[in-house]
Amino acid sequence: MQRIKIKDLLKSTNYGSKVCIKGWVRSKRDSKTVAFVAINDGSIIHNIQAVIDTPNFEEDYLKDVQTGACVKIEGTLVQSQGKGQSVEIQASSVEVYGKADPETFPLQKKGHSLEFLREIAHLRPRTNTFGAILRMRHAMAFAVHQFFNSKGFVYVHTPIITGADCEGAGEMFRVTTMDLKKIPIENGQVNFENDFFGKETSLTVSGQLNGELAAMALGEIYTFGPTFRAENSNTSRHLAEFWMIEPEVAFNELDDNMNLAEDFLKYLVKYALENCSDDLEFLTNLYDKELINKLKFVVENDFIRLTYTEGVEILKHCGHKFEYKVDWGTDLQSEHERYLVEKHFKKPVILTNYPKEIKAFYMKQDADGKTVRAMDVLFPGIGEIIGGSQREENYEKLIARVRELGMSEKELWWYLDTRKFGTAPHAGFGLGFERLMLFVTGMGNIRDVIPFPRTPKNAEF
Ligand code: 4AD
Ligand code: MG
């Protein structure tokens, strides 16, 4: 018999029909003559209940039908007598594909802590919470592509292994095939000549620089791939490996960039509301009663736009005691960003025109010589969700900044070439995919919105 997914079966009104489902047992309740088995196959958060009249079967027929086991159940679809489900299966046969020993299967009961589940990341997709998160992660990735495709953007695959240190001096993971016991050192320097690529290489921290090259030919592009940062920050907002979406658009200036970022975020959140209602309802009930309202609020309200300088003024005079002092010229901490968003404006905020010293070399310089056309989008509960800017398209100004920062012109020759040959105003940004997932799922820790998190001292699964 053809297998039917539980998602489709729960919608069916074809009572009396013969059906076959396959999935994992979430729970089993026995009484004298009947067993109720709840099965989930990952297609939807809800389980289907199989009702098994035990006298119809041999004595230990059901002994391996235990929480965690994988089963195939055939039977008749009937209208449910019990509360909480519309249909159930009156089972005629049960086959066990894989047993799960109740003595050792770690997910016996409900209500494990998220911390515990991180230690069994290989099994946590079997919980309601992680099923919901992983389905939503898929929905958001799909919506990212749908948004850009509908606007005519070209998806460009930028390299994961890079010879350029785009912006994260000292934050990069090295890539090498050298024998670590025999590193060739000459005059205190490693000689990479005989390494795989014949030069020093790392895992990329961002696809932007390559993305810009493509935008200078295709006009509107985006990247969506893994990025890597070896910053040793053990926070609930940082991963060593995370996914980033980076659009780059020729002829866009800072205002266009802000409009694109705001439209994009609203589109994604709206998509979640419209397409993930079951999972959202579950997460709202279990973790954050205000989650759905928070998502609606973002879709329905304009983001506040103000300059870094204005933001600093507000923070300096707000009377709130911060752990880190705010002064013009210093980078804002997450506590400052969240104060602006959660306490002062109570709305998402786009901060622009940051001091050039705290931003990357490629950002377009403002006429005052002090600030650059940067923009960070700050979200409630998250802080920075997007970072981006208009880019410096002027060759002389860009090269002056590269020299000022002591960066290597020689290594960036290909990037600088775009400013020599047919340069154009352009702008882009990066959305941290897991920061978005934190927001739409209402989860509090970034380790819980990626299947297998990579953080300092943690790369087990
Ligand atoms: O602000 P960032 O560093 O910007 C860039 O990488 C630019 N090249 C983007 C561009 O203009 N094309 O990073 C962008 C976003 C941040 O706003 C944040 O959401 C996320 O990436 N992010 C992280 N997410 C998880 N873990 C980390 N360690 C992250 N670092 C940045
Ligand atoms: Mg940033």
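The values are calculated or read from the model by the stated rules, or taken from the named source; none is laboratory data. Please read all numbers here as calculations on a predicted model, not as lab measurements. As a convention, Cβ positions derive from the backbone with ideal geometry for all residues, glycine included, and neighbour counts pool all protein chains shown. What goes into the accessible areas is simple: the full protein's heavy atoms, side chains included, and nothing from ligands, DNA or RNA. Shrake-Rupley method; radii C 1.70, N 1.55, O 1.52, S 1.80 Å.
Structural remarks
- Count - residues of region 373-397 that are within 32 Å of the chain's Cα centre (by Cα) and away from ligand 2 (no atom under 16 Å from the Cβ): 4
- Residues in region 165-184 that are at pLDDT 95 or above and assigned to a strand (DSSP E or B): VAL175 alone.
- Selection count, region 234-249, where residues are open to solvent by 10 Å² or more (accessible area, probe 1.4 Å) and closer than 15 Å to VAL156 by Cα: 3
- Options GLY152, GLY131; residue that is part of a loop (DSSP other than H, G, I, E, B), of a type outside the set (Asp, Glu) and either at pLDDT 95 or above or in contact with a helix residue (DSSP H, G or I) (Cβ under 9 Å, 6 or more places away or on another chain) (or both): GLY152
- The listed residue being over 19 Å from THR223 (Cβ atoms), away from ligand 1 (no atom under 15 Å from the Cβ) and in contact (Cβ under 8 Å) with a residue 12 or more places away in the chain, out of LEU378, LEU405: LEU405
- Region 223-273: number of residues that are within 19 Å of the chain's Cα centre (by Cα), within 12 Å of ligand 1 (Cβ to nearest atom) and of a type in the set (D, E, K, R): 5
- Scanning region 20-45 for residues that are touching a Phe, Trp or Tyr at 6+ places or on another chain (Cβ under 9 Å), assigned to a loop (DSSP other than H, G, I, E, B) and buried (at least 17 other Cβ atoms within 10 Å of the Cβ) turns up ASP41, ILE45.
- Taken over region 63-113, the criterion of being of a type in the set (Gly, Ala, Ser), surrounded by 13 or more Cβ atoms within 10 Å (Cβ to Cβ) and over 23 Å from THR129 (Cα atoms) is satisfied by GLY75, SER80, ALA91, SER92, SER93.
- Members of region 350-372 that are part of a strand (DSSP E or B) and within 14 Å of ligand 2 (Cβ to nearest atom): ILE350, LEU351, THR352, TYR354, PRO355, MET363, VAL372
- Checked against (1) of a type in the set (A, V, I, L, M, F, W, C); (2) more than 16 Å from ligand 1 (Cβ to nearest atom); (3) open to solvent by less than 60 Å² (accessible area, probe 1.4 Å), VAL156 passes all but a single condition, namely (2).
- Residue list for region 50-62, filter: surrounded by fewer than 18 Cβ atoms within 10 Å (Cβ to Cβ) and part of a strand (DSSP E or B): ASP53
- Region 286-297 - residue that is free of Cβ contacts under 8 Å to residues at least 60 places away in the same chain and in contact with a Leu (Cβ under 9 Å, 6 or more places away or on another chain) and, of those, least open to solvent (accessible area, probe 1.4 Å): ILE292
- The residue of region 5-15 that is farthest from GLU74 (Cα to Cα), among those that are of a type outside the set (Ser, Thr, Tyr) and open to solvent by less than 50 Å² (accessible area, probe 1.4 Å), is LEU10.
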